[in-house]
Amino acid sequence: MPAHSDAASAPAAAWRMPRWARHSGLVAGGIILAIIFLMGLLAPVLAPYNPYDQNLLARIVPPIWHETGTWAHPLGTDHLGRDYLSRLLYGARVSVFIGVTVAFVSGIIGTVLGVTAGYFGGKTDTVISFIITARLALPVILVALAVVALFGSSLSVVVGVLGLLLWDRFALVMRATTQQIRDADFVMAAKVQGASTWQIIMQEIMPNLATNITVVATLEIAQAIVLEAALSFLGLGVPPPLPSWGLMLAEGKSFILFDPWLITIPGMLLFGLVLAINLVGDGLRDVTAPDSRN
Amino acid sequence: MSGLENHPVVLEMRDVTRTFRLSRGWLRREMLTAVDNVSLQLRKGDVLGIVGESGSGKTTLSKMMLGLLAPSAGEVLLDGKPLTSFDRRALARRIQFVFQDPYSSLNPRGSIGAIIAQPLRIHGIGTRAEREKRARELLDVVGLPSRLFDSSPGQLSGGQRQRVVIARALALRPDILVCDEPTSALDVSVQAQILNLLLDLRKEFDLTYVLVSHNLTVIEHMTTEVAVMYLGRIVELADAENLFGNSSHPYTKILLRSAMTIAPGAGIPDVEFDRGDPAFRVPAAARQSR
Amino acid sequence: MLLDVQDLTIDIPTASGVLHAVQGISFSVDEGETLCIVGESGCGKSLTALAVMDLLPRRAIRAATSLAFSGRDLRGLSREAMNRLRGDRIAMIFQEPMTSLNPVFTIGDQMIDVLRQHRKVSRREARDRAVYLLDKVGISSPEARLAQYPHQLSGGLRQRVMIAMALMCDPKLILADEPTTALDVTIQAELLRLLMALQQEFGMGLVLITHDLGIVSRMADKVAVMYAGQIVESGTAETIFNDPLHPYTQGLMACLPAPERQRMQHLKAIPGAVPALVGAIEGCRFRGRCAHAQPVCERDVALREPAGAHPYRCVLPAETSRDNARAVLGAGA
């Protein structure tokens, strides 16, 4: 029997919500993500205070839901009397910036390596596979710590180190997917039409990798944000007084017993951000799969 | 006789052999001869049927015609010039391919219009608007409604997809079309539609076909010449009428007998034969005509 | 009656509505009898076999007024009871032998397991039976084959192994779903011959599901032609092929290239494609592609059996249908 069924074609066109809007995970993640992005983007407008301004007379003011809370500092202040809400708003910028930039840098490195290895195969593949294996043998946290210890911590060092370290998953996924697509008939069709290797990779292979790139990118954004938080927590991430959520966790750790909100608020935001990114990644994968009924 | 004896030879294969290395052993090398010393001529207007079972080398042979595989020995000539003297693009304008599986031969990420216009885009022919116009014309040529222009392949049935594949193959106005099992993935009622389309296009665009198939009744209906392949060799090459009328080769006879035509109560024919028997690989006597 | 199916319906809920995959079909098979269910992709013929075996996808809904095997109602059977029946009394052969054999076990292990799952026999006895059956299906040096893995065999050999495995428990009924479609024509002929011979020797019932009218005409005792989830025509092989009454059957027969047709000329294609079966459907399923469609075809058509004809699902009188058949198929019909 011919392997494909024509019978399950679409019913008469009825108006329905677009596919993405019916995916509840994608919608929920998207909303959280949009809020966090807006927080970062509008931080200068929304923040009631300068996030760097210290007020040693108002240190560790609890948030508004505590009995001693005050509307002057809705989420309280930290141990240096800096307004916590303002720092969280600006911190969103740092976390999102780090996540996106790291995923971008590692995405380019990993995709180039993976597609090259997958498409050309043979010796090229052997060499690139060796590079990937070598990279996988490096413990990310230790290398990052060593580099930061050598060059000092700054935002660009953190982004650079993580970007140069986190491309392995991109490379592995792109290599495997490219290998599958390389032998598809439509790639052969492009060859028969006289397409150059560059045209085949850009027009035939890459569009079919888009879904995978998006999904891996969301995973990497989330991982980069968590890693930055971990590095900051260890004192080797972005340098103080830059307001990053990870650094805020680190600074709050000494107060965990008596003023736990110093940790729980940035912790929950971090959790929400990473969760939202993963929801969006999963959702995009479901929604952007090519429209096919066979 | 097909009446095409005086037409010029467009494609010729001279003593073509193709071997593949099976094992990547260091000392031990196992070789597979997929195509073994094949010679054939394709004349303008011919429909050359290549029939054979899996492993007979018919797909390898068609890939060499398209320049997708280089022969290990022998040469392929297009208009008397070696295929290697043509660059990929020049070749693409002369000879095109129709695939067996209309599901994997269309990029799932493209729109139908973009897929049909793709060869023009690759060759940098025309402006965007001109390419779109040409794609719409081609959609009409293969009998598809123009409303499908913006659809994605996933929304089309198998038969419609195969029409898109054919339209794309015609975009560069080639004069040779190699069709590899063009209907074997389709339902029988759709198969007739596609075969009819191929017959129409042959007249309309003055096409020369190579039709690869395991289905003898399709080959019989559609071709002027037939090459029967067995284990890498052409064991018989004859006018279609001659071959189906009075074949001389034992393997051809077995193939003819195994074709399941409608014959109520006839039972299944006994076609058992010794696949190792070297007699089956000996080509039928050289043809008298030509 | 070995297998008796009455009014079988299969609905599959999908995101865009209920897919009415099979809509009230009835058929029966006796011992030693071959029933061919013929139709194109999406007509519901494979689901029908899975429904008999209770192997439908989980979300599919099966209903029937009768689903009896050797007089036993299959509808109320527990999963354990059905498991005992499957592979024992009813065996199934699939299209792709590579995916229906387990790649990590040897042929011998798999054949022996099938028997020992259903019968209290020693490994030695089961092994002997496996050797006997491998020999029976024409596999040379069966002892040595037992130790081989599926990937070491060619497609034709694998399908022979599948047939031998299906016979391990001496089943009463074999359901074969496109058993030779993936194979070369000469191997297909060998296997079908083998299947027919075995069926006669062991007196089994055989349900053969295929899209190939040629095979059907040569193997079937009884034929059911399916289109879009319904049986549109049924009868003995002789009546169906010598006296096709439904326009779809006629169209299928006419659209095949065949030696007696004019070479390089248009074939009589059936225009259009199979309709969608999602949501409410009414009227003759074939009317969109039928040359004889009339306003009355907008209403549902029953499978009817007028005097002097076999059951078919069309409003045209048998005589008119016969005239049409002569017109499309030529004088022979």
Item to check | Most mobile listed residue (B:Thr223, B:Thr17, B:Thr127) in chain B, GNM with C-alpha springs under 10 Å | outcome: B:Thr127
Next on the checklist: Taking 4 °C and 1.567 mPa s as the conditions, I'd like the Stokes-Einstein D for the protein assembly as shown in µm²/s, using the Kirkwood hydrodynamic radius from alpha carbon pairs.
Outcome noted: 40 µm²/s
Checklist entry - What order do C:Val29, C:Val131 take when sorted by accessible area (1.4 Å probe), most exposed first? => result C:Val131, C:Val29
Next on the checklist: Could you work out [θ]222 nm for chain B from helices alone, using -39500 (n - 2.57) per DSSP H run of at least four and dividing by all its residues? Round to the nearest 500 deg cm²/dmol.
Outcome noted: -9500 deg cm²/dmol
Next on the checklist: At 1.4 Å probe size, what's the solvent-accessible area of A:Arg182? Round to the nearest 10 Å².
Outcome noted: 70 Å²
Checklist entry - Which one of C:Cys290, C:Cys43, C:Cys314 has the biggest mean-square fluctuation once chain C is modelled by GNM with Cα springs under 10 Å? => result C:Cys290
Item to check | Area of A:Val45 that stays accessible when all protein chains are in place (1.4 Å probe, Å², to 10) | outcome: 120 Å²
Checklist entry - Can you give the angle from 0 to 90° between the axis of helix B:128-141 and the longest principal axis of chain B, with both taken from C-alpha atoms, to the nearest 10? => result 50 degrees
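Heavy atoms only, 1.4 Å probe, whole protein assembly: order B:Lys253, C:Lys45, A:Lys191 by accessible area, highest first.
I get B:Lys253, A:Lys191, C:Lys45, largest accessible area first.
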Checklist entry - Mind listing the phi-derived Karplus ³J(HN,Hα) values for segment C:209-225, rounded to whole Hz, using 6.51, -1.76 and 1.60 with θ = phi - 60°, and x for any glycine or proline? => result 9, 7, 9, 9, 4, x, 4, 4, 4, 8, 10, 7, 8, 10, 10, 10, 8
Checklist entry - According to the Cα gyration tensor, what semi-axes, each the square root of 5 times an eigenvalue, does the equivalent ellipsoid of segment C:244-329 have, listed from largest to smallest in whole Å? => result 24, 18, 10
Checklist entry - Helix C:123-136 sits at what angle to the longest principal axis of chain C, using alpha carbons and giving 0 to 90 degrees rounded to 10? => result 50 degrees
Next on the checklist: Using only the heavy atoms of the protein chains and a 1.4 Å probe, how would C:Tyr248, A:Tyr90 rank by accessible area, largest first?
Outcome noted: A:Tyr90, C:Tyr248
Next on the checklist: Over the Cα atoms of segment A:119-182, each weighted equally, I'd like the Debye log10 I(q)/I(0) at q = 0.15 Å⁻¹, rounded to two decimals.
Outcome noted: -0.57
Checklist outcome for this item: For C:Tyr227, the residues 5 or more places away or on another chain with a placed amide H closer than 5 Å to its own amide H are C:Val232
Checklist outcome for this item: In terms of the alpha carbon gyration tensor, root eigenvalues a ≥ b ≥ c, rounded if a/c is under 1.5 and otherwise prolate when a/b exceeds b/c or oblate, segment C:41-129 is oblate
Checklist entry - With each pseudo-label sitting 7 Å past Cα toward Cβ, what's the C:Gln265-C:Thr320 distance in nm, one decimal? => result 2.8 nm
Checklist entry - Could you list, bin by bin from short to long, the percent of Cα-Cα pairs of chain C in 10 Å steps? => result 5, 24, 31, 24, 12, 4, 0
Checklist entry - Suppose R0 equals 51 Å; then what is the FRET efficiency for B:Thr19 and B:Asp140 from their Cβ-Cβ distance, rounded to the nearest 0.05? => result 0.70
Checklist outcome for this item: Cys in the protein assembly as shown lacking any partner Cβ under 4.7 Å -> B:Cys179, C:Cys36, C:Cys43, C:Cys169, C:Cys255, C:Cys290, C:Cys314
Checklist entry - How many percent of DSSP beta bridges within chain C run antiparallel, rounded to 5? => result 60 percent
Next on the checklist: I'd like the orientation of helix A:261-288 relative to chain A: the angle between its Cα long axis and the longest Cα principal axis, in ° from 0 to 90, rounded to 10.
Outcome noted: 10 degrees
Next on the checklist: Suppose we keep just the DSSP beta bridges with both residues in the protein assembly as shown; what percent of those would be antiparallel, to 5?
Outcome noted: 60 percent
Item to check | Residue-by-residue Karplus 3J(HN,Hα) for segment A:182-198, coefficients 6.51, -1.76, 1.60, Hz, glycine and proline x | outcome: 3, 8, 5, 4, 5, 6, 5, 4, 5, 5, 4, 7, x, 5, 7, 4, 4
Item to check | Where labels lie 7 Å past Cα in the beta-carbon direction, separation of C:Ala63 and B:Asn246 in nm | outcome: 6.4 nm
Item to check | P(r) weight above 22 Å for segment A:17-292, C-alpha pairs, percent | outcome: 63 percent
Checklist outcome for this item: Note on chain B: contact order normalised by length, alpha-carbon pairs under 8 Å, 6 or more apart, percent, works out to 22 percent
Next on the checklist: Given the options C:Leu256, C:Gly272, C:Leu194, identify the residue whose Cα lies farthest towards the positive end of the charge dipole of segment C:167-290 (+1 on Cβ of Lys, Arg; -1 on Cβ of Asp, Glu).
Outcome noted: C:Gly272
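Of the cross-linked pairs A:Lys123/A:Lys191; A:Lys191/B:Lys133; A:Lys191/B:Lys63, which ones have a Cα-Cα span greater than 20 Å in the structure shown?
A:Lys123/A:Lys191; A:Lys191/B:Lys133
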Checklist outcome for this item: segment C:291-333: Kirkwood hydrodynamic radius (Cα pairs, Å) comes out at 11.4 Å
Next on the checklist: Taking a virtual spin label 7 Å from the Cα of A:Val143 along the C-beta vector, which residues in segment A:233-265 bring their backbone nitrogen under 18 Å of it?
Outcome noted: A:237
Item to check | Mean separation of Cα contacts under 8 Å, 6 or more apart, over the residue count of segment C:121-274: relative contact order % | outcome: 14 percent
Checklist outcome for this item: Percent relative contact order for segment C:244-329, counting Cα pairs under 8 Å at least six residues apart, stands at 36 percent
Checklist outcome for this item: The FRET efficiency for C:Asp135 and C:Glu31, from their Cβ-Cβ distance with R0 = 22 Å and rounded to 0.05, is 0.35
Checklist outcome for this item: Of segment B:209-231, those with amide N under 20 Å from the point 7 Å along the Cα→Cβ vector of B:Asp274 are B:230-231
Next on the checklist: For chain C, what does the helix formula give at 222 nm: sum of -39500 (n - 2.57) over DSSP H segments with n ≥ 4, over the residue count, nearest 500 deg cm²/dmol?
Outcome noted: -10000 deg cm²/dmol
Next on the checklist: With every atom except the alpha carbons ignored, what do you get for Rg and Dmax of chain B, in angstroms?
Outcome noted: 19.9, 61
Item to check | Accessible area of A:Leu150 in the full protein assembly, 1.4 Å probe (Å², nearest 10) | outcome: 140 Å²
Checklist entry - With each pseudo-label sitting 7 Å past Cα toward Cβ, what's the A:Phe104-A:Ala34 distance in nm, one decimal? => result 2.3 nm
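The values are calculated or read from the model by the stated rules, or taken from the named source; none is laboratory data. On a predicted model such as this, the values are computed, not experimentally measured, just so you know. All Cβ positions, glycine included, derive from the backbone under ideal geometry; neighbour counts span all protein chains shown. The protein model used for the area step is the full one, side chains on, heavy atoms only, and it has no ligands, DNA or RNA in it. Shrake-Rupley method; radii C 1.70, N 1.55, O 1.52, S 1.80 Å.
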